[in-house]
1. Evaluate segment 23-37: report whether one residue or more is part of a loop (DSSP other than H, G, I, E, B) and either closer than 28 Å to residue 161 by Cβ or touching a strand residue (DSSP E or B) at 6+ places or on another chain (Cβ under 8 Å) (or both).
2. Please identify the pairs in which a residue from segment 129-155 that is assigned by TED's automatic domain parsing to the domain that holds residue 173 has its Cβ atom under 7 Å from the Cβ atom of a residue that is polar (S, T, N, Q) and surrounded by 14 or more Cβ atoms within 10 Å (Cβ to Cβ), counting only partners at least 6 apart or on another chain.
3. How many residues does segment 132-153 hold that are surrounded by fewer than 16 Cβ atoms within 10 Å (Cβ to Cβ) and small (Gly, Ala, Ser)?
4. Do we have residue 48 as in the same structural domain as residue 160 (by TED's automatic domain parsing), at positive phi and part of a loop (DSSP other than H, G, I, E, B) here?
5. Taking segment 53-85 as the search range and keeping residues that are part of a strand (DSSP E or B) and at pLDDT 95 or above, which one is surrounded by the most Cβ atoms within 10 Å (Cβ to Cβ)?
6. If we keep just the residues of segment 118-153 that are of a type in the set (D, E, K, R) and over 28 Å from residue 172 (Cα atoms), which is nearest to the chain's Cα centre (by Cα)?
7. If you go through segment 86-132, how many residues are in contact with a helix residue (DSSP H, G or I) (Cβ under 8 Å, 6 or more places away or on another chain), more than 28 Å from residue 76 (Cβ to Cβ) and assigned to a strand (DSSP E or B)?
Amino acid sequence: MAVNKKMYWKSGFFDYPIKDCVEISVEYWQELLDGQSSGKEIKENADGYPILVEHEHTIDELKEMKIAEINAYDKSDAVNSFTLAGKQIWLDKDTRVGLVNSIGIEKESGRINTTLWYNAEKYVIPVDDALNMLNQLELYALDCYNVTQSHIAAVKSLPDAGQVEAYNHKGGYPEQPKFVL
């Protein structure tokens, strides 16, 4: 039994000829499929012959990708970080709120110092200093949130794909807090 060494294209692949189709080799057909699997698109050239081209993102797709970059940056150590006694750390919102509550209770009970554990390291901090640090961190986090949301709003309003691609989403963030003990 003979093996068909040809494929056919007319806005899609066929293993038999149809009206106004172009003939391609099985090897080229496989090359087109492999290219499509790696994210390229199969388009037709002026002669109706199938070729691989890079996917051209719509402006909405570009905006979604840029907003994903903004959100990833917002969650990174470049934003979510502060220095305590020379070490870079971060406390998420739930932890900060919990610490404010706990340390507030310690203060009401007359304790002078509190203990903060981070990554198996113990930090003994005066209660008033710890509450002040947490207040500064909350303001820092709020300022970062506002910058992130401003970047998202700016990207959503951009009318041009080139502007979306060139948009610098890393600017405008406040300096990360530094606390010494």
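1. Residues of segment 23-37 part of a loop (DSSP other than H, G, I, E, B): none.
Among the residues of segment 23-37, not one is part of a loop (DSSP other than H, G, I, E, B) and either closer than 28 Å to residue 161 by Cβ or touching a strand residue (DSSP E or B) at 6+ places or on another chain (Cβ under 8 Å) (or both), which makes the answer no.
2. Note: pairs meeting the criteria are 130/114.
3. Summing the residues that are surrounded by fewer than 16 Cβ atoms within 10 Å (Cβ to Cβ) and small (Gly, Ala, Ser) in segment 132-153 gives 2.
4. Numbers: in the same structural domain as residue 160 (by TED's automatic domain parsing): no; at positive phi: yes; part of a loop (DSSP other than H, G, I, E, B): yes.
So residue 48 fails the test.
5. In the first step, residues of segment 53-85 are kept if they are part of a strand (DSSP E or B); the result is 53, 82-84.
From what's left, at pLDDT 95 or above: 82-84.
Details: 82: 19, 83: 13, 84: 21.
Taking the candidates together, the pick is 84.
6. We begin by selecting, within segment 118-153, every residue of a type in the set (D, E, K, R); these are 121-122, 128-129, 138, 143.
Next cut, over 28 Å from residue 172 (Cα atoms) only: 121-122, 128.
Numbers: 121: 30, 122: 32, 128: 37 Å.
My answer is 121.
7. Narrowing segment 86-132 to residues in contact with a helix residue (DSSP H, G or I) (Cβ under 8 Å, 6 or more places away or on another chain): 91, 93, 96, 99-100, 103-104, 106-107, 111-114, 116, 125, 127-128, 130-131.
The next check asks that each one be more than 28 Å from residue 76 (Cβ to Cβ); those that pass are 104, 106-107, 111-114, 127-128.
From what's left, assigned to a strand (DSSP E or B): 113-114.
Summing the residues that are in contact with a helix residue (DSSP H, G or I) (Cβ under 8 Å, 6 or more places away or on another chain), more than 28 Å from residue 76 (Cβ to Cβ) and assigned to a strand (DSSP E or B) in segment 86-132 gives 2.
The values are calculated or read from the model by the stated rules, or taken from the named source; none is laboratory data. The shown structure was predicted, so the numbers you read here are calculated from the model rather than taken from an experiment. All Cβ positions, glycine included, derive from the backbone under ideal geometry; neighbour counts span all protein chains shown.
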